[in-house]
1. Take the conditions farther than 26 Å from V67 by Cβ, surrounded by 13 or more Cβ atoms within 10 Å (Cβ to Cβ) and either touching a Leu at 6+ places or on another chain (Cβ under 9 Å) or in contact (Cβ under 8 Å) with a residue 40 or more places away in the chain (or both) and apply them to K156. Does it pass?
2. Taking the conditions exactly as written (open to solvent by less than 50 Å² (accessible area, probe 1.4 Å), of a type in the set (A, V, I, L, M, F, W, C) and more than 21 Å from the chain's Cα centre (by Cα)), does I93 satisfy them or not?
3. Considering only residues that are open to solvent by 40 Å² or more (accessible area, probe 1.4 Å) and touching a residue at least 40 places away in the same chain (Cβ under 8 Å), which ones fall in region 38-47?
4. Which one of these is open to solvent by less than 50 Å² (accessible area, probe 1.4 Å) and not in a helix (DSSP H, G or I): L133, L87?
5. Go through region 118-130 and count every residue that is part of a helix (DSSP H, G or I) and either aromatic (F, W, Y) or crowded, with 24+ Cβ neighbours inside 10 Å (or both).
6. I109 - would you say it is within 17 Å of V179 (Cβ to Cβ) and in contact (Cβ under 8 Å) with a residue 60 or more places away in the chain?
7. Go through region 1-37 and give me each residue that's of a type outside the set (D, E, K, R) and free of Cβ contacts under 8 Å to residues at least 24 places away in the same chain.
8. Is it fair to say L108 is buried (at least 17 other Cβ atoms within 10 Å of the Cβ), outside any helix (DSSP H, G or I), touching a helix residue (DSSP H, G or I) at 6+ places or on another chain (Cβ under 6 Å) and not basic (K, R)?
Amino acid sequence: MKNAVPNSITIISLILSSWAIVLTFESNLDLAAHLLIICCVCDFLDGFAARLLKVNNPIGAQLDSLVDMIAFGLAPALLLFQFTKNLQAENPIQILTDYPWLFYITFLIPILSAFRLAKFNIDTRQTKSFIGLAVPAHATFYIFAVIVYLHPDLPKLIDVNHILIPIFSNPLLMLGISVLLSFMLIAEIPMFSLKVKNLKWSENQTPLTFLFILITLSVLINIAAFPLIILLYIIWSIIAKYTSKTKTV
């Protein structure tokens, strides 16, 4: 019976992400992106519920991985595909007009997400941390980039729109960023888990520090904090990797 709780949360994520895909085809990108945010919350809650209830269900683990492929692999790829197509229609860029197949670069997202999830399922090194960018964190960048673009007038203490909007509104740049971030999924770079296992500071210093940074940025720049925190997470991990190598040498 306990297994039903985290599995039900996972199924909710599947339903919402499937709905988001339908909305994306209907060009309702705003609602689609917001549904995928709820999927991110569900991804945290199903794991939290499993730990809280002390559930160790192999079916649940496989179900979570399969749903992640839809919610954070396929759905955000289609969201980005439609988003960049819409941007191109508003302000055409010549190279994308000449080579429209470049929009299909977004297919790298589900392809490399599939490899990332398959690798995670069999890689014994990733029990407490990650090797490569986690699929939900990767999807978060695109989801919030779309929302930031669609809602530029949200209240904020520090206005960063003059920096972010030119990036998020450029379809060529967004496609290029998607290539770089997608390959981070399979990069051999250690990345700490952002999931807080309990409330003990000694066991959660890094994720709690990141949570504090996220809350601070959210107060200052609203939802623009989320795509920025993903970039900070990647940069932090890369610096930590090469700093540790230097220390070892």
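1. Against the criterion (farther than 26 Å from V67 by Cβ, surrounded by 13 or more Cβ atoms within 10 Å (Cβ to Cβ) and either touching a Leu at 6+ places or on another chain (Cβ under 9 Å) or in contact (Cβ under 8 Å) with a residue 40 or more places away in the chain (or both)), K156 qualifies.
2. So I93 fits the description; yes.
3. Matches in region 38-47: F44 only.
4. Selected residue: L133, the only one of L133, L87 that is open to solvent by less than 50 Å² (accessible area, probe 1.4 Å) and not in a helix (DSSP H, G or I).
5. 1
6. So I109 fits the description; yes.
7. Hits for region 1-37 are M1, A4, S8, I15, W19, V22, L23, N28, L31, L35.
8. No: the conditions fail for L108.
The values are calculated or read from the model by the stated rules, or taken from the named source; none is laboratory data. All values reported here derive from a predicted model rather than from experimental measurement. Cβ sites come from the backbone with ideal geometry, for glycine too, and all protein chains shown count toward neighbours. Side chains are part of the model used for accessible areas, which takes the heavy atoms of the whole protein and leaves out ligands, DNA and RNA. Shrake-Rupley method; radii C 1.70, N 1.55, O 1.52, S 1.80 Å.
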